[in-house]
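Novice: Sharing a structure, written as structure tokens. Questions coming.
The values are calculated or read from the model by the stated rules, or taken from the named source; none is laboratory data. As the structure is a computational prediction, the values presented were derived from the model and not from experiment. Cβ: placed from backbone, ideal geometry, glycine included. Neighbour counts: every protein chain shown.
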Amino acid sequence: MNTTVDNSLNLIEIGKKTRLAALKLAVLSEELKNQAIDCVAHALESAQDEILQANIADCQAANMEGIAKPLYKRLQLDEHKLRDAIAGVKDVGKLPDPVGKVQIHRELDTGLVMKRVTCPLGVLGVIFEARPEAAIQIAALAIKSGNGVILKGGKEAIRSCEAIVKAIKQGLSQSAINPEVIQLLTTREETLGLLQLDKYVDLIIPRGSNSFVRFVQENTRIPVLGHADGICHLYIDKAADIEKAVAITVDAKIQYPAACNAIETLLVHRDIAQAFIPVIAQALETVNVELRGDESTRNILNYLPAATDVDWETEYSDLILSVKIVDNLEAAIAHIHEYGSKHTDGIITEDAEAANIFLSLVNAAGVYHNCSTRFADGFRYGFGAEVGISTQQMPPRGPVGLEGLVTYKYQMTGDGHIVATYTGANAKSFTHKEIL
């Protein structure tokens with residue numbers, strides 16, 4: 001038997017094991033799931049040194065292979081990042097159980113009752129580049145939402161992911177949850193195989209570059225949840241408070257430039273441009289941000305390199321920011337609709353009417369007023385963590401936490417009821433009475 005066939009059979013076996021473990025997890029009580037999450041958090045804390053050492057080895061190997069700077073920043077897992085990830089696990093344990101919630105409870109007729117009840121999706125396939133702490137966040141959310149998960153980290157993070165999943169499984173072994181509910185794949189061939197497991201995997205969540213997400217979307221029959229671009233904008237309105245605008249712009253660009261919610265384009269109203277652009281340029285250039293400007297911006301700062309159409313549609317994930325002067329609010333919104341990725345866009349203004357127009361008309365998963373786009377994050381939203389950010393029009397949208405990992409089913413209970421009773425000349429009427 002050749003290697004390809006061996007790998008396929010192995011993946012099918014992994015899919016079966018994960019599905020069986022997920023079926024048992026789906027019916028566990030909230031108390032038992034929370035106990036398991038607590039066990040996972042303790043196991044991760046105990047394995048902290050092993051995880052950090054594994055990450056150091058990953059970073060050293062990635063450096064030798066010439067990894068891109070933005071990807072390297074995502075790969076790095078220091079004590080602070082790990083501590084935050086474990087805190088996120090504990091926060092997930094404190095969240096309400098999303099499973100088993102009755103959304104509709106309706107009597108169709110006497111003795112015939114219909115419910116719509118939330119339930120887990122089943123098995124998630126999550127593929128991510130670098131960012132090994134994503135494995136921690138995703139595992140916690142999967143456990144709480146009653147889902148199995150097959151993880152596939154990037155090759156650059158293989159040691160980190162193996163150490164993390166080892167700790168998670170160790171934690172689960174001390175709980176009522178079968179550790180088989182969490183699986184880790186490690187090769188590119190397995191990534192391709194995972195995309196074909198439509199019999200066992202219910203949702204694929206890719207986290208990575210634009211080209212990577214598009215590749216996943218084009219190579220699977222399994223539903224895909226994710227975003228292909230993170231081209232975020234900040235618009236400085238003519239009624240902006242300049243001090244506030246500078247602080248927010250700097251944070252939105254440099255707090256973590258490799259993040260998908262960092263801004264890539266700064267739009268500035270023409271009426272405030274002369275006062276604002278020199279100030280923000282000084283603030284950003286002090287922290288090593290390279291600015292690129294349109295013609296109007298370069299009339300104010302003639303030393304800037306020219307921004308082109310390519311810049312407006314580029315997710316830099318680095319210390320680079322394109323700046324464009326616009327005539328009015330409508331022009332800013334038009335630019336965002338032309339080049340934006342429907343991720344997160346913000347307006348800085350003291351004009352409530354302008355803010356409301358922007359919030360209403362900009363079509364993005366997150367639309368902000370007078371705050372940094374870096375708030376677009378499941379942890380900061382109080383979701384405990386996130387499996388990713390979705391820019392699709394249909395829900396779930398934005399940071400996807402627990403509520404995005406459940407679906408619902410209709411449950412009907414009767415007492416010998418048949419449809420024929422409600423059809424024909426002597427059809428009985430439905431009561432359609434809500435049950436409180």
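Novice: Evaluate the stretch 51-58: report whether one residue or more is in a helix (DSSP H, G or I), under 16 Å from Lys169 (Cα atoms) and out of contact with any strand residue (DSSP E or B) (no Cβ under 9 Å at 6 or more places or on another chain). Even if it seems obvious, please write down each step before you answer.
Specialist: Our first condition is that a residue be in a helix (DSSP H, G or I); within the stretch 51-58, this holds for 51-58.
Remaining after also requiring under 16 Å from Lys169 (Cα atoms): 51.
From the residues that got through so far, the ones that are out of contact with any strand residue (DSSP E or B) (no Cβ under 9 Å at 6 or more places or on another chain) too are 51.
Yes, the stretch 51-58 contains a residue that is in a helix (DSSP H, G or I), under 16 Å from Lys169 (Cα atoms) and out of contact with any strand residue (DSSP E or B) (no Cβ under 9 Å at 6 or more places or on another chain).
Novice: Something else now. Consider Gly146 against the criteria (1) buried (at least 24 other Cβ atoms within 10 Å of the Cβ); (2) under 30 Å from Val367 (Cβ atoms): it satisfies all of them except one. Which criterion is unmet?
Specialist: Among (1) buried (at least 24 other Cβ atoms within 10 Å of the Cβ); (2) under 30 Å from Val367 (Cβ atoms), Gly146 violates only (2).
Novice: Is it true that some residue in the stretch 188-204 is in a strand (DSSP E or B) and more than 19 Å from Gly146 (Cβ to Cβ)?
Specialist: no
Novice: So which residues in the stretch 413-436 are among the hydrophobic types (A, V, I, L, M, F, W, C), at pLDDT 95 or above, under 44 Å from the mean Cα position of the chain (by Cα) and loosely packed, with under 11 Cβ neighbours inside 10 Å?
Specialist: Once the filter is applied, which keeps residues that are among the hydrophobic types (A, V, I, L, M, F, W, C), at pLDDT 95 or above, under 44 Å from the mean Cα position of the chain (by Cα) and loosely packed, with under 11 Cβ neighbours inside 10 Å, the stretch 413-436 yields only Val419.
Novice: Considering only residues that are assigned to a loop (DSSP other than H, G, I, E, B) and surrounded by fewer than 17 Cβ atoms within 10 Å (Cβ to Cβ), which ones fall in the stretch 322-354?
Specialist: Of everything in the stretch 322-354, those that are assigned to a loop (DSSP other than H, G, I, E, B) and surrounded by fewer than 17 Cβ atoms within 10 Å (Cβ to Cβ) turn out to be Asp327, Asn328, Glu350, Asp351.
Novice: Something else: Looking at the structure I just gave you, is Ala87 touching a Lys or Arg at 6+ places or on another chain (Cβ under 7 Å), surrounded by fewer than 16 Cβ atoms within 10 Å (Cβ to Cβ) and small (Gly, Ala, Ser)?
Specialist: No; evaluated as a whole, the condition is false for this residue.
Novice: Sticking with this one: Return the pair list, or none, for Cβ contacts closer than 6 Å from residues in the stretch 95-106 that are assigned by TED's automatic domain parsing to the domain that holds Gln137 and part of a strand (DSSP E or B) to residues that are surrounded by 14 or more Cβ atoms within 10 Å (Cβ to Cβ) and among the basic types (Lys, Arg), at least 6 apart or on different chains.
Specialist: Val102/Lys115; Gln103/Arg116; Ile104/Arg116; His105/Lys115
Novice: Let me ask something else. From the list Thr421, Thr431, pick out the single residue that is farther than 30 Å from Leu203 by Cα, not aliphatic (A, V, I, L, M) and not in a loop (DSSP other than H, G, I, E, B). First the steps, then the outcome.
Specialist: Details: Thr431 fails: not in a loop (DSSP other than H, G, I, E, B).
Answer to the check: Thr421.
Novice: Do you know which of the residues in the stretch 252-287 that are under 20 Å from the mean Cα position of the chain (by Cα) and charged (D, E, K, R) is surrounded by the most Cβ atoms within 10 Å (Cβ to Cβ)?
Specialist: Only one residue tops the list, namely Glu264.
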